[in-house]
Amino acid sequence: MEEQACPRCKTTKYRNPSLKLMVNVCGHTLCESCVDMLFLKGSGACPECMVPLRRNNFRVQLFEDPMVEKEVDIRRRILRDYNKREEDFATLEEYNDYLEEIEDIIYNLCNNIEIIETNKRIEAYKRDNREVIQRNKTRVGRDECALEELLELERVQDESRKKELEELETEHKKKKARDKQALIEELMYSGKDAATIVSEFAEKAEKQREEEKQLPPPKAANEFSTGIKFGQTADPTLLPVPKSEEGPLFIYEPLIPITEGPSPPPINEVESMGYVSHIRPETPQENAGGFTATLACQRALQEAMQCLFYTPTAGVAVGL
């Protein structure tokens, strides 16, 4: 793995552990110091491809490969406008063509192929579908708000349950300490037999443990930390995930084919007995997909021998 370094000043992570690489829309990286030097006069161009750059377009590089950063940025920018869903199309084929068009645009922008024509194509799409784009943006924002509200509800419930368990555990420790102190005082000042006192305290402790096993159910949270009630802005179309009961584990049973004919030779004898001598061998691409000539030959022999022993039953015409 190559060590990350700034292509302009050649500073590496080894020499400067606090090195922060930044990437722009062109996909080339610069360290933060070089970016500041580049825009001392208010404007600058990429030192590698000479593309005009803006200071506010630089962002910290998250991936080791800067081309991945470039593709992520382009994909995020394109999908902001190409936000149609499957229900916006009449057929599934039209939706698949739409997705393929998106991937073609992203590929062209990532690899600097027909940049001008691709940008014109994007602008034409934005003009022709302005209302649909705005409607889908509003719908996505509403769905995200509803999802955030559901996540906040789960978080509040988890915190409430955790707080309740902590309070029960604290109370249990305090009660255990009080019972221990009471047992010591009873042994010191009581005139009873020590074994009797210990047995009584043991029975009492066992009864308390049985009661503590039945924890009270957590209180249902009905509002956020801000005081807003749950469900005021939630989308009613978002249903909770159904809880499915786990059934018995699947047990595989090998398939027993009913051929009503001679049994085909097993897979290890198809090649040794010369069945594949006049069959085209599989190509490397076919072999990579799991296809082998031996398997295809065995299936052809099985289909050829199938129903050779079949005899029509009563009530079925012989001509059939």
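Pull out the extension gain between H172 and Y310, defined as 0.36 nm times the separation in residues minus the alpha carbon to alpha carbon distance; nm, one decimal.
Difference between extended and current length: 41.9 nm.
Mind giving me the nanometre distance, one decimal, between the label points for E101 and S272, set 7 Å out from Cα along Cα→Cβ?
Label-label distance for E101 and S272, simple model: 5.9 nm.
Would you mind telling me the share, in percent, of accessible area of the stretch 74-138 contributed by carbon and sulfur at probe 1.4 angstrom?
Here it works out to 46 percent.
When all C-alpha to C-alpha distances in the stretch 74-138 are sorted into bins of 10 Å, what percent of pairs does each bin hold, rounded to whole numbers?
Final binned percentages: 20, 54, 24, 1.
Need the full-extension length gain, D65 to E260, defined as separation in residues times 0.36 nm minus the C-alpha distance. One decimal, nm.
Working: separation 195, 0.36 × 195 = 70.20 nm, distance 6.01 nm.
So the chain would gain 64.2 nm between D65 and E260.
Taking the Cα atoms of the stretch 13-61 alone, what are Rg (to one decimal) and Dmax (as a whole number) in Å?
Rg then Dmax for the stretch 13-61, in Å: 10.7, 31.
Ranking request for peptides 250-263, 89-102: highest mean number of other beta-carbon atoms within 10 Å first, then the rest in descending order.
Numbers: 250-263: 8.4, 89-102: 11.7.
Averaged packing, sorted descending, gives the order 89-102, 250-263.
Can you compute the charge dipole magnitude of the stretch 74-138 about its Cα centre, using +1 on each Lys and Arg Cβ and -1 on each Asp and Glu Cβ, nothing else charged? Give it in debye, rounded to the nearest 20.
620 debye
Mind checking the full-extension length gain between N16 and R80? Use 0.36 nm per residue of separation minus the Cα-Cα distance, one decimal, nm.
Details: separation 64, 0.36 × 64 = 23.04 nm, distance 3.70 nm.
Between N16 and R80, full extension yields 19.3 nm more.
In a Debye calculation with equal point scatterers on the alpha-carbon sites of the stretch 151-214 and no solvent, what is log10 I(q)/I(0) at q = 0.21, 0.25, 0.29 Å⁻¹?
Result of the Debye calculation: -0.89, -1.05, -1.18.
The values are calculated or read from the model by the stated rules, or taken from the named source; none is laboratory data. The shown structure was predicted, so the numbers you read here are calculated from the model rather than taken from an experiment. As a convention, Cβ positions derive from the backbone with ideal geometry for all residues, glycine included, and neighbour counts pool all protein chains shown. The protein model used for the area step is the full one, side chains on, heavy atoms only, and it has no ligands, DNA or RNA in it. Shrake-Rupley method; radii C 1.70, N 1.55, O 1.52, S 1.80 Å.
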